1. Sum -39500 (n - 2.57) across every DSSP H segment of at least 4 residues in the chain, then divide by the residue count to get the 222 nm mean residue ellipticity, nearest 500.
2. Across 10 Å bins from 0, what is the distribution of all Cα-Cα pair distances for region 106-261, in whole percents?
3. Taking the Cβ of Tyr159 as the centre, find all other residues whose Cβ is under 12 Å away and add up their charges (Lys, Arg: +1; Asp, Glu: -1).
4. Using Cβ counts within 10 Å as a stand-in for footprinting exposure, how do Arg295, Arg289 rank, fewest first?
5. For Ile204, Ile346, which order do you get if you count the other beta carbons within 10 Å of each Cβ and list the fewest first?
6. Using unit Cβ charges (K, R positive; D, E negative) and no other charged atoms, how large, in debye to the nearest 20, is the dipole of the chain about its Cα centre?
7. For the chain, just list the percent of Cα-Cα distances falling in each 10 Å bin from zero outward, please.
8. Of Thr334, Ile279, Gln345, which is farthest on the positive side of the dipole of region 275-365, counting Cα position, with +1 on Lys and Arg Cβ, -1 on Asp and Glu Cβ, and the Cα centre as origin?
Amino acid sequence: MTKSIEEINAKIKKGAAVVLTAEELSCMAEEASPKEIAEKVDVVTTGTFGPMCSSGIFINFGHPEPPIRMQKTYLNDVEAYSGIAAVDAYLGATQHSENNEKYGGAHVIEALIAGKDVHLRAYSSGTDCYPRKEIDTIINKDSVNEIFMFNPRNVYQNYPAATNTGDQTIYTYMGILRPQESNVNYSTAGELSPLINDPELRTIGVGTRIFLCGAQGYVAWNGTQFNATKPRNEHGIPLGSAATLALIGDLKKMDSRFIKAAYYKGYGVSIFIGVGIPIPILDEDMARRVSIRNRDIETNIHDYSKPKHPAIARTNYEALRSGKIMLNGKIVRTAPMSSLPKARQIATLLKKSIQNRQFFLTQPVQTLPVNTTLKSLEIRSVEEGGRRFN
C-alpha cells in the first residue's frame, strides 16, 4: 500500500494518525513486517542532540537615533559579522570572546534563547546617512526585530567514531582521545538519528518542517559538506559522514532546554543543537528503512592522531552503545558525544505534537542532491598562472 503526505496530514487533523518514535518502531519491527508496519503506522519521529559547530543566528537590531551603519559588532564581547547591512549581523556559534576563550557565540545564543540581556557594542566610521559612530547598549530577544537561527551544517548522517593510535592524549571536537586506542568517542543517535531513518532522503528536502531547538523550523537547503556518494552497507546506510542539512527557525520561539553551549579543551567553543524530523511512512520501502536497528547501523572508526584521520576499523551502534568494543584485539571503552536521553525526549515531544494536531508534515519543495562529493581545499600559489587579484 502507499500513502501520501496529504492523506497522513488528514489523519493528523482528525487525531487518527498512528505515530511512533524511531525506537518504538524498531521494537515493533522485531515482530512486524514492513508491509504490516506500512499498514499500521503513519509517522515515525526521530531526534538528536549533539554538537553542531556550523550553527549561528541572524539578528536585525533596529536603527537607533541617529542611525548607525555597524561595521564592527560585539555581543558580550563576541564579534558578530556585520558585512551584511546597516544593522544586521550574523553571530557564529564557534566565535570566541575577545577576553575569554571558553566563552563564545554559542553562549550568547543560549543566553538570548533563555531571554537574558546581552551587551551590544558596535562601531562605525560614520556616513552621511548613518552618522552615528558608536553604540553601547543592552538587547534581548524581545527588543530586537528579527532574530532567527540559520545553521549551515547540522544533523550529519552517520558521523564516524574517533580514536587515537598515537602516544599522546589529543584534544579534539570529538572530545578527549587517550593514547594507544584507549577510548572511542561517537556522536550519532543511532536508530533515533533523523537521516539514518530516511537514508535516501525520500521525504526530507527543502521545505521539510522540523523540530529545531524546541520550535518548529525548516530544512532550508542541503547542508555544507554534503556528500551523497559515500559507500553504503547492505541496509543502505552510508558508512561515514554523508548528507547534512541547512536549518532555519525563529529563535524567539526556541526553548533553552534544547540548546547548550559547550567548550572543548584544545578545540574551542561549540554548541549542542536539538533536532527532530518526522518521517512519513509512505509505503513498504519507507517502513523497511525506519525499521533499522542499532546493530544494522555501521560506522567507521577514524584515527585522529593522523593528519587525514584515516578509517582504521568498522563497528555498529549496538556495540558502541554497550560501552565497549573490540578494537585491534583489545577491549576499548566507548562514550557518546551526543545525548541519547535528550534525543529520546525530542522524538517523544515531536510525537506528542503530531498527536495533538500541533505539527503537520510538509511536502519538500525540492529534493536534496544525489551526486555531490566532498572536495578538499587545494593549496595554490597566488602567482600560479600569472593571475592578479585586485
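1. The per-residue figure over the chain is -4500 deg cm²/dmol.
2. That works out to 10, 26, 28, 22, 11, 3, 0, in percent per bin.
3. Overall, the nearby charge balance is +2.
4. On the way: Arg295 13, Arg289 22.
Sorted ascending by nearby Cβ count, the order is Arg295, Arg289.
5. On the way: Ile204 24, Ile346 30.
Least crowded to most crowded, the residues run Ile204, Ile346.
6. Dipole size: approximately 340 debye.
7. 5, 21, 28, 24, 15, 6, 1, 0
8. Value: Thr334.
Throughout, read-outs are computed from the coordinates displayed, never taken from laboratory work. Model, not experiment: these values are computed from the prediction. Glycine also receives a Cβ, built like all others from the backbone with ideal geometry; neighbour counts cover every protein chain displayed.
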